[in-house]
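These notes are about the structure you will find just below.
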């Protein structure tokens with residue numbers, strides 16, 4: 001069960017990294033970063049798994065809970081990732097306004113001409 | 001030739017890294033499960049109700065045990081909004097009236113009050129059921145974004161002006177620090193909860209958990225205002241080629 | 001006051017919120033608010049540093065929760081040096097900006113972002129919790145991107161995007177390392193991890209260590225992850241580049257020191273990492289200096305020199321791999337303090353030269369020294385120090401790093417680096433001392449005494465540090481002792 005979640009997280013990580021390395025469209029690069037960060041969140045949730053544990057909300061008759069700390073860390077990591085993604089998109093918008101393209105290589109080419 | 005080889009090579013590289021990712025994670029978890037001694041998760045689940053008054057252990061960690069992390073992450077959202085504003089400048093709403101069709105607008109206007117209730121419920125019950133300030137705040141931001149998408153930017157700006165959102169965000173951010181300082185004033189430490197003498201109430205009821213509901217509300221308002229103003233900054237530009 | 005360790009983080013963060021609010025509702029008092037935030041942060045930092053210099057380190061638990069359930073903050077005499085540097089950096093940069101920029105530059109978010117950046121850096125210094133470290137490193141990243149791309153120019157957005165991409169990889173690696181540490185040891189508190197890390201198999205330990213070295217290497221500009229730095233400093237402008245290079249970079253190096261000696265126990269459990277770091281440091285020094293020699297833009301040249309000096313500090317760290325090698329850590333600390341003052345002094349005096357010549361290309365700076373002799377004298381003193389000419393503080397810090405090396409090759413690299421850097425600073429002097437400017441320079445805008453004074457004082461302190469190097473060195477050995485655990489005893 002936990003292994004399956006780890007395999008899924010590893011595959012999602014590979015997809016995100018592959019997108020980041022090979023895509024040229026800046027919006028797709030932003031999406032790839034977000035996918036890569038999601039893989040870490042998946043891994044955090046998988047680490048928290050306890051066989052037979054329930055969600056960590058204490059009520060009568062429950063004694064087995066999954067580990068609550070990685071859940072809290074995952075929430076924090078998601079919010080931080082959202083902040084970074086927002087800035088990456090804002091920069092993409094700013095570059096599109098200046099250069100009229102979201103192709104990352106074309107933008108680099110144009111900055112070299114400008115110097 | 002090279003255009004074909006590069007993605008394949010990158011794919012193989014990524015798959016190798018993924019295999020490493022899996023093996024390392026597996027090894028770390030095996031090392032951890034072989035360890036004896038008290039487990040951190042049992043410390044949290046057995047004592048959090050008595051120590052914080054919050055039935056939801058994840059909220060207890062976020063808003064009490066590790067509330068200092070939460071202050072940091074709320075600051076990240078605050079900074080992200082400030083950075084987006086610095087990069088993009090003042091939003092200029094588009095002249096063209098892009099709105100949804102009449103049917104969607106009529107439907108939405110009757111559903112929107114319910115959309116407001118859900119995030120408020122999630123924020124208010126953050127300490128007794130799944131949810132909390134961040135989750136509720138994000139849903140609340142969706143509401144503002146939905147108004148903008150469905151009824152057009154000018155209408156959205158009228159209903160929820162950017163200045164109001166920004167003021168709410170700054171107020172909630174300062175409020176977070178003020179609640180933290182209250183712990184110092186009470187003679188305990190920064191962001192202290194029950195240790196600073198705040199009442200814990202009956203665990204499981206709406207008014208329980210000391211300052212946790214207050215922190216949830218502040219974080220909810222901050223995230224809602226922050227994310228919706230982020231949307232306004234990002235969407236408030238006609239990113240046309242003629243803009244250069 | 002017992003709340004000092006948390007106040008060094010909370011005061012600038014609350015100050016950042018307050019500056020934004022004042023900017024919105026009462027812009028006329030913004031300058032006063034910025035100055036008040038910087039000075040109060042400086043006071044809190046210095047008080048915390050002096051409280052920590054006495055032997056028992058200051059501990060603080062926000063929310064009164066002890067580890068493992070809570071977050072601990074810890075200030076010892078090793079962190080005290082960095083707290084003092086942050087105080088100097090925050091107050092110095094705000095005073096410099098007050099003196100050097102017109103009222104137009106006070107619009108916008110720069111002041112709030114600077115306060116938040118210094119809050120995040122102080123958080124990295126004081127925290128004793130790995131996940132809390134991740135949160136503050138990411139906060140510092142977000143602030144840095146904002147400072148790099150705030151000017152709304154095309155190249156600043158590109159520089160910000162490049163930094164954000166590479167910083168996202170760095171953040172992901174840091175989070176991955178924290179996740180591995182948590183699943184292997186069951187805690188994220190640094191002191192508890194240090195007790196349990198010996199149970200972790202060596203291979204896994206190596207992966208964690210590698211991820212952390214690469215993650216922080218990206219942040220302080222270790223070759224080959226330095227590519228973002230010249231572009232980013234050029235886009236950020238000299239004032240901000242002085243903050244990022246002089247003080248931000250040092251805090252990432254601090255985090256590396258702290259992690260290797262604290263939770264990871266690298267000198268005891270994994271001493272094999274130190275020769276690797278030594279090679280990386282030598283490559284960083286040579287590549288940084290050679291690229292600076294080929295550069296024809298002043299800001300990019302100074303940025304690449306920062307890359308090289310990160311290498312010197314890393315070389316000191318690598319030499320400290322033997323258990324109890326306090327002298328090497330002390331040498332690295334001396335170079336950290338000296339480089340912080342030298343590089344910010346260089347970049348800030350370059351600010352005056354660039355605003356006079358209206359260009360940051362070196363060839364456009366003909367005859368600048370004749371227009372502004374005091375500032376250029378400060379630049380020259382700082383440049384002599386950074387190149388390592390005796391008797392400046394910069395010479396002694398490099399000398400101590402070289403003395404701490406166990407073999408000859410790193411010493412030769414240090415010497416070669418000194419020769420190369422003398423080459424590129426001499427080239428700049430030849431240009432600025434030239435007799436006649438090829439075209440009339442811009443009408444000199446009144447430079448306030450304040451901004452000149454900041455530059456002169458920084459350069460003067462570095463020069464004077466050479467005279468006082470004996471007592472300074474023994475102070476740095478005490479600080480190093482609190483990192484390595486020897487207590488500073490010989």
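For the protein assembly as shown, what is the convex hull volume of its Cα atoms per residue in Å³?
Convex hull volume per residue, Cα atoms: 169 Å³.
Name the residue, out of B:190, B:198, B:22, whose mean-square fluctuation peaks in a Gaussian network model built on chain B with Cα pairs under 10 Å.
With Cα springs under 10 Å in chain B, the top fluctuation among B:190, B:198, B:22 is at B:22.
Please report, for the Cα atoms of the range C:37-126, the Rg to one decimal and the Dmax as a whole number; what are they, in angstrom?
In order Rg, Dmax, the Cα atoms of the range C:37-126 give 15.5, 50 Å.
When all alpha-carbon pairs of the range C:146-203 are counted, what percent fall beyond 20 Å?
Details: 803 of 1653 pairs.
Considering the range C:146-203, 49 percent of its Cα-Cα pairs are separated by more than 20 Å.
Report, to the nearest 10°, how far helix A:2-22 tilts away from the longest principal axis of the Cα atoms in chain A, using its own Cα long axis and a range of 0 to 90°.
10
How many nm separate the modelled label positions at residue C:427 and residue A:54, each set 7 Å beyond the Cα in the direction of the Cβ?
Rounded to a tenth, the inter-label distance reads 7.2 nm.
I'd like to compare C:414-425, C:110-121, C:467-478: which one has the highest average count of other Cβ atoms within 10 Å, and what's the full order after that? Intermediate results must be reported in sequence, preceding the final value.
Numbers: C:414-425: 18.4, C:110-121: 28.6, C:467-478: 16.6.
Order by mean packing, descending: C:110-121, C:414-425, C:467-478.
Rounded to the nearest 10 degrees, what's the angle between the helix C:373-387 long axis and the longest principal axis of chain C, both from Cα atoms, 0 to 90?
Approximately 40 degrees, to the nearest ten.
As a check on your grasp of the helix formula, calculate [θ] at 222 nm for chain B: sum -39500 (n - 2.57) over DSSP H runs of n ≥ 4, divide by the residue count, round to the nearest 500. Each step should come with its number before you reach the end.
Numbers: 9 runs with 168 residues, N = 244.
Mean residue ellipticity, 222 nm, calculated: -23500 deg cm²/dmol.
What 222 nm value per residue comes from the helices of chain A, counting each DSSP H run with n ≥ 4 as -39,500 (n - 2.57) and dividing by all residues, nearest 500 deg cm²/dmol? Intermediate values should be presented prior to the final figure.
Working: 4 runs with 86 residues, N = 115.
Helix contribution divided over all residues of chain A: -26000 deg cm²/dmol.
What's the center-to-center distance, using Cα atoms, between the range C:94-162 and the range C:338-367 in Å?
About 21 Å separates the Cα centre of the range C:94-162 from the one of the range C:338-367.
For all pairs of alpha-carbon atoms in the range C:367-417, what percent lies in each bin of width 5 Å, listed from the first bin to the last filled one?
Reading upward from the zero bin: 5, 20, 21, 17, 13, 9, 7, 5, 3, 0.
Return the whole-Å distance between the Cα centroid of the range C:267-321 and the Cα centroid of the range B:28-67.
Computed from Cα coordinates, the inter-centre distance equals 41 Å.
Could you work out, residue by residue across A:6-16, how many beta carbons of other chains sit within 10 Å of that residue's beta carbon, and then give the average as an integer?
On the way: counts 7, 6, 1, 4, 12, 5, 2, 8, 11, 4, 2.
That works out to 6 on average.
Show me the ranking of peptides B:143-149, C:141-147 by mean Cβ neighbours inside 10 Å, starting with the highest.
Values: B:143-149: 19.1, C:141-147: 28.0.
Most protected by this proxy first, the peptides run C:141-147, B:143-149.
Give the average, rounded to an integer, of partner chain Cβ atoms located within 10 angstrom of each Cβ in A:39-51.
Working: counts 4, 8, 2, 0, 10, 5, 0, 4, 8, 4, 1, 2, 0.
The mean count of partner-chain Cβ atoms within 10 Å per residue comes to 4.
In 5 Å bins starting at 0, how do the alpha-carbon pair distances of the range B:126-166 split up by percent?
6, 22, 23, 19, 12, 10, 7, 2
Order C:124-135, C:230-241, B:37-48 from most to least packed using the mean count of other Cβ atoms within 10 Å.
Numbers: C:124-135: 26.4, C:230-241: 24.8, B:37-48: 16.8.
The most tightly packed comes first, giving C:124-135, C:230-241, B:37-48.
Quote the relative contact order of the range A:1-42 in percent (integer), defining contacts as alpha-carbon pairs under 8 Å separated by 6+ residues. Could you put the intermediate results ahead of the total?
Values: 39 pairs, mean separation 20.1, N = 42.
For the range A:1-42, the relative contact order is 48 percent.
In Å and from the alpha-carbon atoms only, list the Rg and Dmax of the range C:271-490.
18.4, 60
What does the helix-only formula give at 222 nm for chain C: each DSSP H stretch with n ≥ 4 adding -39500 (n - 2.57), the total divided by the residues, and the result rounded to the nearest 500 deg cm²/dmol? Intermediate results must be reported in sequence, preceding the final value.
Values: 21 runs with 360 residues, N = 490.
It lands at -24500 deg cm²/dmol.
If you build a Gaussian network model of chain A, linking Cα atoms that sit under 10 Å apart, which residue out of A:100, A:61, A:16 swings the most?
A:61
In the calculated pair distance distribution of chain A, what percentage of Cα-Cα distances lie above 25 Å?
Within chain A, distances greater than 25 Å cover 41 percent of Cα pairs.
Mind checking the log10 I(q)/I(0) for the range B:37-243 at q = 0.10, 0.16, 0.18, 0.19 Å⁻¹? Debye, one equal scatterer per Cα, no solvent, two decimals.
Taken in order of the listed q values, log10 I(q)/I(0) reads -0.50, -1.02, -1.18, -1.26.
Could you give the spread of the C-alpha atoms of chain C along their three principal axes, from largest to smallest, in whole angstroms?
Sorted from largest, the Cα extents of chain C read 70, 59, 41 Å.
Would you mind giving the mean number of other chain beta-carbons within 10 Å of the Cβ of each residue in C:17-23, as a whole number?
5
Any idea how far the Cα center of the range B:104-156 sits from the one of the range A:1-38, in Å?
29
Label residue C:268 and residue B:167 with points 7 Å out from Cα along Cα→Cβ: what is the distance between them in nm?
Once both label points are built, they end up 5.7 nm from each other.
Determine the relative contact order of the range B:37-243: mean sequence separation of Cα pairs under 8 Å and six or more apart, normalised by residue count, in whole percent. Each step should come with its number before you reach the end.
Values: 294 pairs, mean separation 67.6, N = 207.
Once normalised by length, the contact order is 33 percent.
Find the all-direction average of the projected area of the Cα convex hull for the range B:146-230, expressing the result in square nanometres with one decimal place.
On the way: hull surface 26.9 nm².
With every direction weighted equally, the projected area is 6.7 nm².
Calculate the translational D of the range B:1-138 in whole µm² s⁻¹ from Stokes-Einstein, where the hydrodynamic radius comes from the Kirkwood formula applied to all Cα pairs, the temperature is 20 °C and the viscosity 1.002 mPa s. All intermediate terms of the calculation are to be shown ahead of the outcome.
Details: Rh = 21.0 Å.
Value of D from the Cα-based Kirkwood radius: 102 µm²/s.
What would the Debye formula give as log10 I(q)/I(0) at q = 0.12, 0.24, 0.27 Å⁻¹ for the alpha-carbon point model of the range C:272-337, no solvent?
Normalising to I(0) and taking log10 leaves -0.33, -0.91, -1.03.
May I ask you to derive the relative contact order of chain A, considering only C-alpha pairs under 8 Å and at least 6 residues apart, and to give it as an integer percent? Show your work: numbers first, answer last.
On the way: 115 pairs, mean separation 29.3, N = 115.
25 percent.
Rg and Dmax in Å for the range B:56-111, alpha carbons only: what are they?
Rg then Dmax for the range B:56-111, in Å: 19.5, 49.
No value in this document is a laboratory result; all are computed from the given coordinates. Only a predicted model underlies this, so the values are computations on that prediction, with no experimental measurement involved. In this analysis, Cβ positions are derived from the backbone assuming ideal geometry, glycine residues included, and neighbour counts consider all displayed protein chains.
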